[in-house]
Amino acid sequence: MTSYGFVIDTDKCIECGLCLTACKDEYVGNSYPPYSAAQPDTQYGYYRTTPGWIPDDGAAKGQAWVKPGQNWINIVEMNRGTYPHAHTRYVPKPCMQCEDPPCMKPATGGAVYKRDDGLVIIDPEKSVGQEQIVEACPYGVIFWNEDLRIPQKCTFCAHLIDQGKNPKCADACPVTAIQFGDLSDPKSAVSQLVAGGAVQLNPEFGARPKVYYVGLPTPFVSGKVVDAVSKAYLEGAKVTLTDSGGRSVTTTTDNYGDFEFNDLASSGSYQLKIELASYNAKTMPVPKTDTDLGEIPL
Amino acid sequence: MSEKNEESAVAGKKVSRRSMLKWTGALAAAAALGAVASYGATELVKPPPEIVPSQPAAAPNEVVLTCATDAGPFLAHVVNGVFVKSEPIAPNETVGPLAFMLRNWLYAPDRIRYPMKRVDFDPGGNRNTQTRGQMRYVRITWNEALDMVANELKRVVDKYTASAIAVQGGHSWSGVLHQGRIQNNGGGWGSKLLGLLGEYLVIDSVGSVPGWSAAVYLMMGGVPSMSSYGIYNNSGIPTSTIIPDQNSLSDIEKNCKLIVYTGTDHACKWYGFTDVAPWFLRFKKAGIKQIVIDPWQNDTAALFADKWIPIVPGTDEALFAAIAYVWITKNLYDKEYVTTHTVGFEKFRDYILGNEDGVPKTPQWAEKICGIDQRTIQALAEEWASKPTVTWSMNSANNRRQYAVEYCRMVITLQAMMGYIGKPGTGIGGGWRPKTTAPVGMRGPPTVPFGPHPSGNTYPNLPPRITAQGFAQAIRNPPFNYTEFDFEAVYPEPGRPEIHMIYSTGGSGSFLNQRPNINANTEALQSSKIEFVVTQNPFWDAITYYSDVVLPVTMFGEREDIVNWQNYSIFSHKVAEPPGEAMNDLDVWRGLATRLGILDKLTGGQTDEQMLRAQYAKSNIPLTYDAFKATGYYRWPLEEQGPFVAYKAFNDDPSKNPPALIGPLPSGKIEIYSSKIANFYGPNDPEAPPIPKYIEYEDPSGGKYPLHYHCGQHPKRGRHSQWQNTSWKRDFENDYINGYRTLWMNSADAAARGIKYGDIVRVFNDLGQILCGAKPSERMMPGFVFNSEGAHYTPREPGVSDTLDLGGNGNVLLPAVNPEKCAQGCITHGYVEVERWTP
């Protein structure tokens, strides 16, 4: 049976926001029954202080104010490390279209249901007043519409899928970072990306999301190897990082003496070994990841 | 809400909160979108593949039409005359970077609906120029408005001559027919109309590329450009020098081994989203090493680069000088190329080695200035010399600051030292049109020959002009004299009047937006010397609020036109009704011309469609006009015919081929020692040295404000003041946080000031104060803060110059005076302090 999903490649995402503006363009003010009511618009303004212009209550006099919109695909900046060794990716987060949707559990009267193709839909009529549906989502991608008193979220553009189209954000992405397809078809692009190691966000929630990611910032260890006396950068040093289970990865320093291990499987502690001809090898513990070890004299 | 209520709000009377909010841009587009609220899925139809008809589609009440802004094409869905949504012309590839925001913009609550007059402006009596900026307007009729503007034009010309009329504003706003701006590159109906009255004055600068335009002109030759648009000949071909020519991106992908980015984030700004970013991914895939040198780990650094090297803002020239030092002392440069292709290298070498001033420009010397470890400078120099390298710096913020010309000349000098000009995989990169092989201009693909603007109005050379950042000084303290390139400008020119009228057009705030020292400019605008200010604009922004008469005009999607974007020519249909009584710019000018009795010289009796058809007939699109209109767009073949190498002829035979085809230098070579500078400024002017140097910029406040501040980078989404009033921008934390313009700062700097994410902060110095939303980040060099330019200047107390700017426009904090003599570009670098702010 069809099971729609996304694979989002954050190595490509430049936070251009075309996915989000495309989404707003599709949904703000536009309803697509029976899947979604119109998304409320973002509002903003500036209360000036000129006499005659001041609101009577004066509450927010002389300030900017904003009533944020609903980012059904919310672009989150994820960081690891500290200056000047920050590792950053922009992570677009739509509804995860979970296999076991936590939002379904507290919903009453069939307000949340799953379609045959796996899409999770919040019925805009049956969900009136059910704010607990918003609270139930561990990914924080369900929004409360105060005016209509309904929970709202990304539908994967169910109305477009019904017409044989792709979700709008996937079509709008200029770098094809958002891949849409059928996860039940092993030949589909998304299935192959999942087979190739795409990961879910927070699998520990147990919701089995159908949005997968490539290129999320992974635990890393980096450093710079220098000559103990001259402090010159040492190029070509062999650097080995070994975890507590004895598994190791190896790299060599570049012309700046720098090495960097990315894609580390876990955030635990490691052992580091540095070897270079005509220098004594050096070993040192690495107590935690997402660390730059600074200059390591050899 | 009735329109009557809106008017009373504008008149400044006590009004209900609701109607007040509407006019201060507070309410969202709910009212405008109300008609769409019940729009249901069943009414949707699938647009036919590829060919898009202008006829109604299957559902009787929905049409799908091609439309375009100057930021790209899209398909517009229109139901009962309401523009309800957009979609890509084809998935993924053909997306205008801002296309999906147009609906949000067209229906924005701060669109101007009716002609307006400042409430206490009386052209026959007291003009009350000192109350400009107080935002009090009354509605007038179009007849009243056009009569008033026409009378003022006539009065000013009769009394002072047309030279007393200054035009300002506007970035692109243009299709083939409609063009909002009056600019000094000559195109456009407004330029033609005013030109019929006499020789008016332009307030403009080479705002985007001041450093490059001067550096290229001085070192390689060419014709100096007076604006970022360049000057075009009668065939629409640019004849002025704006930026160096660059190798095609396909050549870079194939042959380059190292890209050094300095102060640029090209792929990750709106103008790079859809065309540059995919190329950067290809560069990464091709294994080209990418190094970003920038005080901010910008998105290019975070996403594409192998290495980020933080640098103290404004000190790139010191780094470059030290790189030259390494090359010279280690014999790593191309001596033969330097001999055959350049002149004056010996003097540069003397400066680098310290023979001139006793200071060798060693990596150790540079480390103290730019904060980069001398070993890193050494390694970078050796790596750069070892393989084909491109410097990516064209649209760099570095070329919009104090001593920008030195920065750009250093880049050219380094690439010339390595012989990296005119060879595959090398060059000076980062221009504007990456999809074409030879980007020669910024005005659409060179392959789209629509010819000159139908107004037929072109300037063969330099129009009278003052720089935009000199505006306040020119008004408040004339005469205002300055140098630029290798000539001197005088204001007012002998025998000419001062400025007495300002005509502002083109949907962009210019000197109340993207030009420095806004507080000085607002004060100057209140001068009684300026007898009349008229602004023709689609939306309320700062300059509009400083105008005596405001004329509402239409935008893209509200009129038919043909728009060129990258390799597309698009028939841009009318997809939305203009708000209120908004009129096309062209019709405004027709109305004025009629009143001035010169309509026959402007457009005569030609209709828009007649002119559009006539203009189309000049193009070589292989479709009839009607077929083109029905199809919606024509896609020009992409330039994949093979890598293009800029300056190849110069590289191959410099004796026959100077780097500049028009206006070559006497030497015909790359002048590391600029004969133009030496001749004009003399050989020893410290602010205009003939060889490129690192010149220390001294903080005019004497170190009172500890943080480097920068406002030279473009907004991630939107051009200058355009698109900044879209509400959806408020949902991006890199644009706005809690309703305030985002200020990036180093986490430790923030913590030291008790500032947390999302706090409202006051950013201030002697020039002014703005409010921002704080974004502490590990991606920022300590001691450095920035926000992006373009935010609408929104004074807390309208009309008061030193008030807090709620909008967070960084140009409030930047000085207008550039100590540098060869370029008068915007200054984007200053010094500030930041503190938490509570109302």
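The values are calculated or read from the model by the stated rules, or taken from the named source; none is laboratory data. A quick note: this is a predicted structure, and the numbers were derived from the prediction, not measured. Heads up, the Cβs are rebuilt from the backbone with ideal geometry, glycines too, and the neighbour counts pull from every protein chain shown.
A single member of B:808, B:790, B:799 is within 14 Å of another protein chain (Cβ to nearest Cβ), of a type outside the set (Asp, Glu), part of a loop (DSSP other than H, G, I, E, B) and farther than 18 Å from residue B:525 by Cβ, and it is B:808. Counting only strands (runs of 3 or more DSSP E) that sit completely within the stretch A:174-243, those holding 3 or more residues that are within 14 Å of chain B (Cβ to nearest Cβ) correspond to A:178-182, A:221-226. Residue B:718 meets the conditions (1) within 14 Å of another protein chain (Cβ to nearest Cβ); (2) modelled with pLDDT of 90 or more; (3) under 25 Å from residue B:211 (Cβ atoms) in every case but one. The failed one is (2). Screening the stretch B:239-288 for helices (runs of 4 or more DSSP H) wholly inside it with 1 or more residues that are of a type in the set (A, V, I, L, M) and free of Cβ contacts under 8 Å to residues at least 40 places away in the same chain returns the ranges B:276-285. Considering B:305, B:301, the condition of being of a type in the set (A, V, I, L, M), more than 7 Å from chain A (Cβ to nearest Cβ) and assigned to a helix (DSSP H, G or I) is satisfied by B:301 alone. Looking across the stretch B:351-365, just one residue is assigned to a helix (DSSP H, G or I) and either in contact with a strand residue (DSSP E or B) (Cβ under 6 Å, 6 or more places away or on another chain) or under 12 Å from residue B:690 (Cβ atoms) (or both), and that is B:351. Restricting attention to the stretch A:120-128, does a residue exist that is surrounded by fewer than 16 Cβ atoms within 10 Å (Cβ to Cβ) and without any contact (Cβ under 8 Å) to a residue 60 or more places away in the chain? Scanning the stretch A:120-128 turns up at least one residue that is surrounded by fewer than 16 Cβ atoms within 10 Å (Cβ to Cβ) and without any contact (Cβ under 8 Å) to a residue 60 or more places away in the chain. When B:745, B:780 are screened for being within 11 Å of another protein chain (Cβ to nearest Cβ) and crowded, with 23+ Cβ neighbours inside 10 Å, only B:780 passes. Of everything listed in (1) in a helix (DSSP H, G or I); (2) within 25 Å of residue A:231 (Cα to Cα); (3) touching a strand residue (DSSP E or B) at 6+ places or on another chain (Cβ under 7 Å), the single unmet condition for residue B:292 is (1). Filtering A:8, A:75, A:54 for residues that are surrounded by fewer than 21 Cβ atoms within 10 Å (Cβ to Cβ), out of contact with any helix residue (DSSP H, G or I) (no Cβ under 7 Å at 6 or more places or on another chain) and either more than 7 Å from every other protein chain (Cβ to nearest Cβ) or at pLDDT below 95 (or both) leaves a single hit, A:54.
Under the condition of being touching a Lys or Arg at 6+ places or on another chain (Cβ under 8 Å) and either β-branched (Val, Ile, Thr) or crowded, with 24+ Cβ neighbours inside 10 Å (or both), the residues counted in the stretch B:279-296 number 4. The set of residues from the stretch B:405-419 being more than 17 Å from residue B:676 (Cβ to Cβ) and either in a loop (DSSP other than H, G, I, E, B) or within 19 Å of the chain's Cα centre (by Cα) (or both) comprises B:418, B:419. If you check B:753, B:762 for being more than 13 Å from chain A (Cβ to nearest Cβ), surrounded by fewer than 22 Cβ atoms within 10 Å (Cβ to Cβ) and modelled with pLDDT of 95 or more, only one passes: B:753.
Taking the stretch B:575-602 as the range and being in a loop (DSSP other than H, G, I, E, B) and farther than 16 Å from residue B:180 by Cβ as the test, the residues that pass are B:575, B:576, B:577, B:580, B:581, B:597, B:598.
Residue by residue, here is whether (1) assigned to a loop (DSSP other than H, G, I, E, B); (2) at pLDDT 95 or above; (3) hydrophobic (A, V, I, L, M, F, W, C); (4) over 30 Å from residue B:203 (Cβ atoms) holds:
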| residue | (1), (2), (3), (4) |
| --- | --- |
| B:563 | no, no, yes, no |
| B:569 | no, no, no, yes |
| B:605 | yes, no, no, yes |
| B:623 | yes, no, yes, yes |
| B:643 | yes, no, no, yes |
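What residue, of B:821, B:729, is part of a loop (DSSP other than H, G, I, E, B) and either within 14 Å of chain A (Cβ to nearest Cβ) or surrounded by fewer than 24 Cβ atoms within 10 Å (Cβ to Cβ) (or both)? Going through B:821, B:729 in turn, just one is part of a loop (DSSP other than H, G, I, E, B) and either within 14 Å of chain A (Cβ to nearest Cβ) or surrounded by fewer than 24 Cβ atoms within 10 Å (Cβ to Cβ) (or both): B:821. Sub-8 Å Cβ pairs linking a first residue in the stretch B:588-608 that is among the hydroxyl-bearing types (Ser, Thr, Tyr) to a second residue that is in a helix (DSSP H, G or I), at least 6 apart or interchain, are B:603/B:189; B:603/B:586; B:603/B:590; B:603/B:593; B:603/B:611, ordered by first then second residue.
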